[in-house]
Amino acid sequence: MGLQTIFRAVIMGPPGSGKGTVSSRISQSFGLKHLSSGDILRANIQAKTELGLLMKACIDQGQLVPDDVISRLILSNLKTMDHSSWLLDGFPRTVAQAEALDTMCSVDTVINLNVPFDTIKERLTSRWVHLASGRVYNIDFNPPKIPGLDDVTGEPLIQRDDDTPDTVSRRLKAYENQTQPVLEYYRSKGVLETFTGTETNKIWPHVHAFLSKRLSGNQQDTGKA
Ligand code: G5P
Ligand code: MG
C-alpha cells in the first residue's frame, strides 16, 4: 500500500456523454475506484434518507443540488478512500466544488468527454439503469441480455426520473452555465485531457491509451521512491 502511488482522476462531460459507461471500463481496466455523485444521490433517494428526500425535487427538475451539500457528501466519501486510486464521476460540477476538492487534494488528470449535445439527447431517453450498481444500458447501444433485467444480478432495471426530454434539456443548460467553467479551471492547471467523438467505442481506445501511459509513468515514480 505505502509503496503504491495514488492516482486521482476526474471524468467530466455533459449529461449522457458516457461518463458512467467509460468509468466502468476504466475501473475494470485500471482498478481505479469509481465514485459517482449521481449514483450516491440516487441511492439516497431510493433509501429515502433525509438528504435524498431533500434533493429529489432538485434532481428531478434537472437542477444542480447545492454546492455545500454535495461537496460535504463527496469529500467525506473520498476520505474513506484515502489509500486507493480513484475516479470521480459527476463531481466537481461547479468551480466552487472544484475549489472545495482542491482543499483536500489535487487532481492528477481530468478526462473530458466532449460529445455533441445532439448525440446525447436520444441516448438518455433510451437509457435503463440498475440502481444498486449504477450499471447503465441502452436499448440500441448496449442492451441487457434479458430485456428489463440487470445482466449481473437479474434485478429489474429502471428509467431515471430525470431522463425525460424536458429535463434533459434543463440538465444540458445547467452543464453549459455551471459546469463548462470547470473545464477552464482544470485547463489552466494543465490537467485537462479532452476526448472528442460521437461514439463511446471510438473514444474509449484513446482514453485507454492515455491512462496506460499515465499509470505506467506513475509506477516508474514508485520505483524511484
Ligand atoms: P449524474 O448522475 O451525474 P449526468 O447528467 O451528469 O448525471 P448521466 O446522465 O449519468 O450524466 P453519463 O454518465 O455521462 O450520463 O452517461 P452514461 O450513463 O454512461 O451514458 C448515457 C446513455 O448512453 C446510456 O444509456 C449508455 O448506455 C448510452 N451510451 C453510451 N455510449 C454510447 C454510444 O456510443 N452510443 C449510444 N447510442 N449510446 C451510448 O447527475 C444527475 C443529477 O444529480 C445531481 C444533479 O441534479 C444532476 O442533474 N448532481 C449534482 N448536483 C450538483 N453537483 C454535483 N456534483 C452533482 N452530481 C450530481
Ligand atoms: Mg452517469
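Descriptive notes on the structure:
- Estimated purely from DSSP H runs of n ≥ 4, each contributing -39500 (n - 2.57), the mean residue ellipticity at 222 nm for the chain is -15500 deg cm²/dmol once divided by its residues.
- Tensor-based shape of segment 8-222 (alpha-carbon gyration tensor, a/c under 1.5 rounded, otherwise prolate or oblate): rounded
- FRET E, pair residue 96, residue 170, Förster distance 22 Å, beta-carbon r, rounded to 0.05: 0.65
- Derived scalar couplings between HN and Hα for segment 64-81 equal 6, 6, x, 3, 5, 5, 6, 5, 4, 4, 6, 4, 5, 5, 5, 4, 6, 10 Hz in order, rounded to whole Hz, by the Karplus curve 6.51 cos²θ - 1.76 cosθ + 1.60 (θ = phi - 60°), x for Gly and Pro.
- Sequence of 87, 149 once ranked by neighbouring C-beta atoms within 10 Å, starting from the fewest: 149, 87
- Straightening the chain between residue 108 and residue 152 buys 12.6 nm, computed as 0.36 nm per residue apart minus the Cα-Cα spacing.
- Exposure proxy shown here: for 42, 127, the number of other Cβ atoms within 10 Å sets the order, fewest to most, as 127, 42.
Since every read-out is calculated from the coordinates, none of them should be taken as a lab result. All values derive from a computational prediction rather than experimental measurement. Backbone-built Cβ (ideal geometry, glycine too); neighbour counts: all protein chains shown.
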